Structures are given as C-alpha cells and as structure tokens.
C-alpha cells in the first residue's frame with residue numbers, strides 16, 4: 001500500500017476522465033437548450049463545426065443516446081479507477097464500513113461537482129459556444145457508439161409511441177413559469193408567447209383608448225363637417241353621439257359612406273349609422289376577441305359601472321397585446337415616449353401602464369401596491385400623489401423618480417421618469 005507510479009498514472013487518468021465527463025455533461029445541456037435564434041446562427045455560419053452541430057440537432061434521439069452512453073461509460077470508469085486508487089493509498093481493512101462511506105462520499109461529490117454541476121451551469125449560459133466546441137467530438141462519439149445507440153433507440157421506441165398517444169396539455173401557468181425561468185432578454189417569438197400568457201388575464205380597461213382621446217361625432221354634425229373630420233383623422237370607424245359621449249347612438253363606418261361621397265351637403269349621413277356594441281370595463285380581452293369574431297365587428301364602446309362611456313377598444317388594440325405595436329400606412333408616428341439616456345425617459349402621461357412596463361422591461365406587478373385602479377401613467381401619478389400635481393413636482397417610489405414635465409389644464413401631459 002502507498003503511492004506508486006501506477007497510482008500516479010491512475011490519478012492522471014481519473015483527472016482526464018473527469019474533464020471528459022464535464023465536457024459530455026455540458027454538451028447535453030448546451031445542445032438541448034439552444035433557442036431558435038441560436039439554431040438560426042448555426043445555419044448562417046458555414047464552418048465545419050456549425051454544420052456538424054446542425055446535423056446532430058437534426059437527429060436528437062441519436063444525439064441524446066450518444067451523450068448518455070458516453071457519460072455513463074466515463075463515470076463508471078472513474079468509479080472503478082478511483083476505487084482502486086483509494087484502496088492503494090489507504091488501508092481500511094479494520095474499518096471497512098468507514099472506508100466505504102468515505103469513498104462513496106468523496107467520489108460522488110467529485111463526479112457531481114466537476115463532472116455535472118459546474119459544466120452544466122457553464123453550458124446553460126454559453127450554450128452556443130459550447131456547441132461549437134463540442135460538435136465534432138460528439139459526432140466522433142456518435143459514430144463510435146452507433147451500434148449501442150441504435151439498440152437504445154429501438155428499445156425505447158415502444159415507450160415513445162405510448163407517450164405520443166397521450167395528449168399533453170400545458171397550462172398558461174406552466175408556460176408563464178417557463179418564460180420567467182429564462183432570465184434573459186426575450187426574442188420576438190418568446191415575446192409573443194408572453195403576450196399570449198397575459199392575454200387571458202388582461203381587462204378591456206387596460207387596453208382601451210380613453211374617452212378624452214376618442215374622436216367622435218355629434219349626430220347633428222353636417223355632412224361637410226363629417227367629411228372634414230374623416231379626412232383629418234383617417235379613422236375608418238367613428239362613434240356617433242347625441243348631446244355628449246355618454247349617449248353614443250352608433251358607429252359610422254367610412255366604407256358605408258363611400259358610395260355617397262359626392263352627395264350634396266344636405267345628405268342625411270345619419271341613416272348609415274350602425275348599432276353600437278357595448279362592453280364593460282372589466283371584460284377580459286380574450287372573451288372580447290371571441291365576441292368580435294362571432295359578431296364580425298372591429299370596435300366596441302367601453303362603459304363604466306354607471307353606464308357612462310369610458311372609451312373604446314378595437315380589434316387592433318387586442319391583437320397588439322400579443323404581437324406588439326401594429327402600424328399601417330395611415331398611422332402617424334406618435335411616440336408615447338422619448339429616451340433621454342439609459343436611465344431617463346419622458347413619457348406621454350396617457351400611455352397605458354402595460355405599454356409603460358413594456359418600454360422599461362418591468363414586471364406587470366411593479367407598481368401593484370400603489371396603482372389602485374389606474375391604467376395609465378397619469379393615473380399612477382394621481383394614485384401616488386393623491387391630487388393633481390403642478391409642473392416640476394417630483395415623486396419617488398422604489399427608486400423610481402417621476403417629475404411632472406407638462407400639465408395641460410386639469411390633465412398631466414408629460415412625465416419625466418428616472419429609473420433606478
């Protein structure tokens with residue numbers, strides 16, 4: 001018993017095997033955690049490593065079988081060699097149980113730490129680099145272990161068929177947690193997924209256009225006034241009211257007006273008004289979307305608990321909650337915020353809190369403790385202050401600083417926001 005050349009060689013071989021185990025374990029995480037954008041980069045690059053990596057990803061079952069077989073062979077070899085080295089260096093013949101416990105703890109700890117945990121953490125953070133580095137070695141192992149991998153794949157095919165027969169339902173909570181666990185900046189596809197997750201939890205009040213920003217017509221307006229408003233605004237649907245906006249009588253579709261565009265100023269355009277569609281403020285937008293589809297309409301008037309008109313919501317407003325801002329050739333550029341520097345923005349106070357959070361990459365619950373019923377940045381300021389502020393008033397909350405940049409009569413117009 002004691003240190004010898006054979007023991008030294010055994011220790012060196014164990015170290016090499018541990019490095020191999022680390023690389024193989026890291027490969028498993030790296031290959032199977034690539035995002036769609038990473039796979040696109042692989043396809044764009046023309047190097048041998050990227051082509052090999054793409055070939056491996058095209059056969060995920062063979063790739064996984066190769067990695068598992070290689071990793072198990074290496075780990076078993078480490079256990080056998082380390083047992084021999086351990087018994088060569090120490091004599092536990094009088095205390096075999098203690099020797100077994102110490103050997104098990106030491107070897108298991110080393111394999112888990114060096115061969116599993118550290119490489120997998122690294123590979124999850126730098127998956128694309130790891131894939132480039134390991135693509136050719138893994139391909140070599142796949143050729144080497146092809147007979148064993150084929151047996152393993154065939155033996156699991158029956159189980160896989162049974163699993164495919166069962167329907168798997170993924171809940172919105174599961175999808176939401178999966179997106180939160182990424183902990184990274186979301187790409188476009190993942191942003192759409194996040195929008196879908198939030199879709200069924202969003203009220204109409206959070207996406208509607210407030211009544212103060214709605215363009216509407218009095219039913220007593222002349223035909224000439226009507227044409228002027230349509231030309232200036234470019235809207236395809238305009239609410240029509242009697243006396244005030246709380247008494248909406250219907251919606252005028254501009255396409256209904258086209259055949260009568262050359263009629264005299266006495267033309268009674270009021271006969272073209274279609275019936276309005278009213279929805280409450282607390283209606284979920286996924287339910288409203290379904291109603292829009294059934295009713296074949298694109299616009300609804302939003303009413304509050306007292307029956308007054310609070311604003312309107314369109315099909316475009318709903319879809320923007322999933323895919324982001326939608327603009328067409330008739331939309332004017334109307335930036336609701338201006339970025340001064342990395343920590344300073346100026347926002348239009350009417351910006352919806354959903355959009356405000358999106359611009360600053362804030363969680364939806366960032367101001368839940370103070371926002372109350374507010375749905376816009378102006379409403380948040382009023383909840384924070386308790387009264388209408390003056391220009392240059394400053395308010396702070398959780399490191400955020402809000403400075404009133406402009407006030408328009410009784411309304412907050414623009415707000416300077418300094419983020420922590």
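Values quoted throughout were computed directly from the atomic coordinates according to the rules given, and no laboratory measurement underlies them. In this text the structure is predicted, and so the values were computed from the model without any measurement. Note: ideal-geometry Cβ built from the backbone for every residue, glycine included; neighbour counts use all protein chains shown.
With only Cα atoms counted, region 1-116 has Rg and Dmax values of 19.1, 63 Å. To the nearest 10 degrees, how steeply does helix 60-89 sit against the main Cα axis of the chain, on a 0 to 90 scale? Approximately 40 degrees, to the nearest 10. Computed from Cα atoms, the angle from the helix 146-165 axis to the main principal axis of the chain rounds to 40 degrees. If I take R0 = 35 Å and measure r between the Cβ atoms of residue 400 and residue 247 in this structure, what FRET efficiency does the formula 1/(1 + (r/R0)^6) give, to the nearest 0.05? Efficiency, from the Cβ-Cβ distance: 0.30. Among 227-235, 374-382, sorting by the average number of other beta carbon atoms lying within 10 angstrom of each residue, highest first, gives 374-382, 227-235.
How much length would be gained if the chain were fully extended between residue 58 and residue 106, taking 0.36 nm per residue of separation minus their Cα-Cα distance, in nm to one decimal?
13.4 nm
Taking every DSSP bridge with both residues inside region 251-320, close to 65 percent are antiparallel. Packing order of peptides 338-348, 91-101, highest average first: 338-348, 91-101 (average count of other Cβ atoms within 10 Å over each peptide's residues).
Estimated purely from DSSP H runs of n ≥ 4, each contributing -39500 (n - 2.57), the mean residue ellipticity at 222 nm for the chain is -16500 deg cm²/dmol once divided by its residues. Remark: the residue 225-residue 361 segment gains 44.7 nm on full extension, using 0.36 nm per residue and subtracting the alpha carbon distance. Descending by average beta-carbon neighbour count within 10 Å, the peptides 257-264, 216-223 line up as 216-223, 257-264, the highest first. In this structure, residue 283 and residue 144 have a Cβ-Cβ separation that, at R0 = 60 Å, corresponds to a calculated FRET efficiency of about 0.45.
Label-to-label distance, residue 122 versus residue 271, with points set 7 angstrom from Cα along the beta-carbon direction: 8.1 nm.
Between residue 236 and residue 218, the simple label model (points 7 Å from Cα in the Cβ direction) yields a spacing of 2.9 nm. Measuring nothing but how far apart in sequence close Cα pairs (under 8 Å, 6+ apart) lie, relative to its length, region 213-254 scores a relative contact order of 40 percent. Relative contact order of the chain: what whole-number percent is it, with Cα pairs under 8 angstrom and at least 6 residues apart? Averaging sequence separation for qualifying contacts and normalising by length gives 12 percent for the chain. When its C-alpha radius of gyration is set against 2.2 N^0.38 Å (N residues), the chain gives a value of 1.49. In this label model, residue 89 and residue 411 are separated by 7.7 nm, measuring between points 7 Å along each Cα→Cβ vector.
Where both residues lie in the chain, what percent of DSSP beta bridges are antiparallel, nearest 5?
Percentage antiparallel, nearest 5: 90.
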